[in-house]
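Inspection log for the structure reproduced underneath, given as structure tokens.
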Amino acid sequence: MYTIIDVNNSLNLKTKEYEPETRTRLAPGFDGDQLDKGHCVQWMWNTEKLGLIRVEQAAGMGTSPKEGFVFHDNRVEIEYLLDSVCDLSYPDGTHIEFLPGDCLCHAVGQPHRMETVAPRHMEIAVFLNGSLDGCSRTHFDSRRHKETGWQVKRCAELPSAEWNNPLVDVKIVYEEDGISFAEFILQPGAQIPPRDFARNSGADEIVLVRSGRGLAIYPDQSYPLYADVTAYNEAGQLYKYVNTGTENLVLLCCFSAGSLKEIGYQEVKLDS
């Protein structure tokens with residue numbers, strides 16, 4: 001089973017119906033805060049295995065209008081910066097410049113703060129290893145909590161993983177704690193898989209189009225791919241992605257498995 005949504009228009013491309021849950025909403029900086037005019041969110045996917053939201057944070061704003069750090073005591077968080085420039089800071093005094101195309105990986109309980117420092121609003125895609133409903137977002141209290149780990153990955157600088165198509169560049173960003181994340185770059189004319197269809201027998205998959213144009217092809221129907229279209233493929237679903245444009249098609253892919261080796265990727269030929 002699969003679902004595919006144009007998030008910018010909250011339109012389910014499969015059913016041709018609008019999805020109210022994906023519409024923009026104001027959000028508080030922390031659990032229990034008042035709604036913050038500097039933050040908007042869209043819930044793209046909210047499943048038991050994976051969650052995905054897109055966050056817009058106004059220029060000059062921090063994670064919360066209040067001082068302090070946020071942490072999630074029950075979710076791994078992978079944040080991919082789509083636009084703007086941010087200052088990441090941690091309780092030990094570390095500051096890191098966060099640029100478009102960079103990916104931030106936080107282990108459960110890692111306190112952090114992000115401030116938009118460029119004169120334009122920040123947009124970020126946040127992937128979680130579980131539902132959005134159960135994700136806490138609370139203040140960090142150094143008397144009670146410890147840092148547990150963070151990684152900043154600059155995707156453009158990561159080595160390419162081995163793949164079966166020279167026209168597809170795969171950057172593996174994170175593999176741990178029951179969630180894995182990779183950036184797939186398809187050159188014009190490239191497709192995944194090179195022939196027939198693919199399926200992941202061991203993991204659900206979220207796909208978010210960062211840039212480019214293409215097609216998502218399923219056994220029953222095909223759908224256009226362009227920026228901010230996202231698909232959710234349950235384990236076992238047959239699919240194919242094709243770059244039909246003149247520029248690279250960049251796909252952000254998140255899996256409910258601790259590594260890409262565990263997703264059970266297979267190439268499948270449909271019975272005639």
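A few comments on the model shown:
- Shown for Asp33, Asp196, Asp133: other C-beta atoms within 10 Å of each C-beta, ranked fewest to most, produce the order Asp133, Asp196, Asp33.
- Cubic angstrom per residue, convex hull over Cα atoms of the range 16-155: 119
- The distance linking the range 35-69 with the range 211-237 is 25 Å (Cα centroid to Cα centroid, whole angstrom).
- Cα radius of gyration and Dmax for the chain (Å): 18.4, 64
- Nitroxide proxy distance, nm - points 7 Å out along Cα→Cβ at Thr148 and Ser131: 2.0
- Straightening the chain between Ile96 and Asp177 buys 26.8 nm, computed as 0.36 nm per residue apart minus the Cα-Cα spacing.
- Burial ordering of Ile172, Ile206, fewest other beta-carbon atoms within 10 Å first: Ile172, Ile206
- Linear extension gain, Thr246 paired with Asp271, 0.36 nm per residue minus alpha-carbon span: 5.8 nm
- Neighbour counting of Cβ atoms within 10 Å sorts the residues Arg54, Arg195, fewest neighbours leading, into Arg195, Arg54.
- Debye intensity ratio I(q)/I(0), log10, the range 156-268, q values 0.12, 0.13, 0.20, 0.23 Å⁻¹ (C-alpha model): -0.36, -0.43, -1.11, -1.51
- Label-to-label distance, Leu158 versus His121, with points set 7 angstrom from Cα along the beta-carbon direction: 2.7 nm.
- Lysine pair number, Cα distance threshold 22 Å (strictly under), the chain, separation 8 or more or different chains: 13
- Applying 1/(1 + (r/R0)^6) with R0 = 30 Å to the Cβ-Cβ distance of Leu26 and Ser259 gives a FRET efficiency near 0.25.
- Applying both filters, DSSP loop and at most 12 other Cβ atoms within 10 Å, to the trypsin sites (Lys or Arg not before Pro) of the range 199-234 eliminates every site.
Any read-out appearing in this document is the output of simple, stated calculations on the displayed coordinates, not a laboratory observation. What you see is a predicted model, and the numbers here were worked out from it, not measured in a lab. Here Cβ is always computed from backbone atoms with ideal geometry, including for glycine, and neighbour counts include all displayed protein chains.
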